[in-house]
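These notes are about the structure you will find just below.
The values are calculated or read from the model by the stated rules, or taken from the named source; none is laboratory data. Predicted model only: the values in this text are computed from it and were never measured. Here the Cβ is made from the backbone with ideal geometry for all residues, glycine too, and neighbour counts use every protein chain on show. With ligands, DNA and RNA removed, areas are computed over all heavy atoms of the protein, side chains included. Shrake-Rupley method; radii C 1.70, N 1.55, O 1.52, S 1.80 Å.
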Amino acid sequence: AAKAAGRGKHYFYEPAMHSEATDRQHLENDLRVAMERDELSVSYQPIIRAAGEEVSGFEALVRWRHPIRGNISPAKFVPLAEECGMIGKVGEWVLRQALHEAAKWPDRVRVAVNLSPIQFNDPRIVEVVQKALEVTGVNPNRLELEITEGVFLADSDATEETFTRLKKLGVRLVLDDFGTGYSSLGYLRHAPFDKIKIDQSFVRGAASVKSRNAAIIRAIVTLADSLKMDTVAEGVETHDDLALIRELGVAQVQGFIFGRPTDGAGALKLAQAMSVEADGHQCIRQPRQ
Ligand code: C2E
Ligand code: MG
Ligand code: MG
Ligand code: MG
């Protein structure tokens, strides 16, 4: 029986592998023209101040609507773009789109843009960011660049210099997916992060009784506090988790409980309705016309 199963597996395995490679190739080719064909867009997910319920900013998340396959997850096509040398172009486009939208929001509302490690380690990145800020006229302190621990794998002097130059531009740096990547904390000594984003894997279900995630989140908050970094928890879906996140002192929350990624128009409405005025008073929740 085992032999038969093995043979059967072999028989079906090869064609599957073949079609997966072809599939990849097709997708890569499609991605090359996706931008010109207007198939890419950017969605915005609100980031909320945990203490109140005001919008502190939005994370820009790239979307690809394939003409035949429909929506393809960035978790699938961003790595593809990285491998086929397109991430720089896609990333710059997302950055400009996002800043263009942010220019319409109240000044206190920030925009967070993800930078792939490949983008970050490209020597042109600082100029790309600077130029995008100039063109859109957005104050650099409203831009947050989300970077994962993956950037430290290159660990070159260039990486360190990029950090310094980006900080000089006045943008904020966020360490994304914290706790899941590179298993060393050494880089926190030098890298000038303004904020740590606690990965969803620690956040989801953190309130369940047996969860050790709460202890880990508490430790991350303590660490961030002593390093004078902000914190944000991503992937908050339930009221229980939200209550716990607040109790643990995480400063900001992002998750389906407050809002899914939405288009530019939706984000604008939310930004106007749910952001705090300069005097600290919350404005009416209805969008202003
Ligand atoms: P990320 O940067 O960690 O972004 C957060 C992801 O978690 C987003 O998925 C968001 O929709 C999702 N999310 C937020 N709250 C919740 C929640 O409460 N529950 C659940 N189940 N999910 C939640 P998305 O948009 O599919 O993006 C996936 C990843 O793709 C991102 O993870 C990021 O690594 C990458 N990505 C997205 N846009 C870009 C981009 O413009 N450039 C680069 N380099 N990477 C991007
Ligand atoms: Mg992110
Ligand atoms: Mg993340
Ligand atoms: Mg993630």
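Consider residue 174 carefully, then state whether it is within 16 Å of ligand 1 (Cβ to nearest atom), at pLDDT 95 or above and over 22 Å from residue 118 (Cα atoms).
no
Strands (runs of 3 or more DSSP E) wholly in region 29-106 with at least 2 residues that are under 28 Å from residue 231 (Cβ atoms) and in contact (Cβ under 8 Å) with a residue 40 or more places away in the chain - which ones?
40-49, 55-66
What tally of residues in region 66-90 results from selecting those that are surrounded by 14 or more Cβ atoms within 10 Å (Cβ to Cβ) and closer than 12 Å to residue 27 by Cα?
Within region 66-90, the first condition is being surrounded by 14 or more Cβ atoms within 10 Å (Cβ to Cβ), and the residues that meet it are 66, 72, 74, 77-78, 80-82, 84, 86-88, 90.
Keeping just the survivors that are closer than 12 Å to residue 27 by Cα gives 66, 72, 77-78, 80-81, 84.
Selection size over region 66-90: 7.
Within region 227-243, take every residue that is hydrophobic (A, V, I, L, M, F, W, C) and over 24 Å from residue 188 (Cβ atoms) and give me the one that is nearest to ligand 3 (Cβ to nearest atom).
Among those that are hydrophobic (A, V, I, L, M, F, W, C) and over 24 Å from residue 188 (Cβ atoms), it is 242.
Restricting to region 197-219, name every residue that is within 16 Å of ligand 3 (Cβ to nearest atom), farther than 22 Å from residue 58 by Cα and surrounded by fewer than 23 Cβ atoms within 10 Å (Cβ to Cβ).
213, 216
Pairs needed: first member in region 131-151, within 17 Å of residue 107 (Cβ to Cβ) and of a type in the set (Ser, Thr, Tyr); second member anywhere, open to solvent by 30 Å² or more (accessible area, probe 1.4 Å) and more than 16 Å from ligand 3 (Cβ to nearest atom); C-beta distance under 6 Å; at least 6 residues apart or different chains.
Once the first residue is within 17 Å of residue 107 (Cβ to Cβ) and of a type in the set (Ser, Thr, Tyr) and sits in region 131-151, its partners that are open to solvent by 30 Å² or more (accessible area, probe 1.4 Å) and more than 16 Å from ligand 3 (Cβ to nearest atom) give 136/100; 136/103.
For region 168-273, give me every one of the helices (runs of 4 or more DSSP H) that falls completely inside it and has 2 or more residues that are within 15 Å of ligand 2 (Cβ to nearest atom).
200-203
Test residue 136 against the criterion of being of a type outside the set (D, E, K, R) and within 15 Å of ligand 1 (Cβ to nearest atom), and give yes or no.
It is false that residue 136 is of a type outside the set (D, E, K, R) and within 15 Å of ligand 1 (Cβ to nearest atom).
Kindly indicate whether residue 135 is open to solvent by 10 Å² or more (accessible area, probe 1.4 Å) and away from ligand 4 (no atom under 16 Å from the Cβ). Explain how you work it out, then say what you get.
Details: open to solvent by 10 Å² or more (accessible area, probe 1.4 Å): yes; away from ligand 4 (no atom under 16 Å from the Cβ): yes.
Spelling it out, residue 135 is indeed open to solvent by 10 Å² or more (accessible area, probe 1.4 Å) and away from ligand 4 (no atom under 16 Å from the Cβ).
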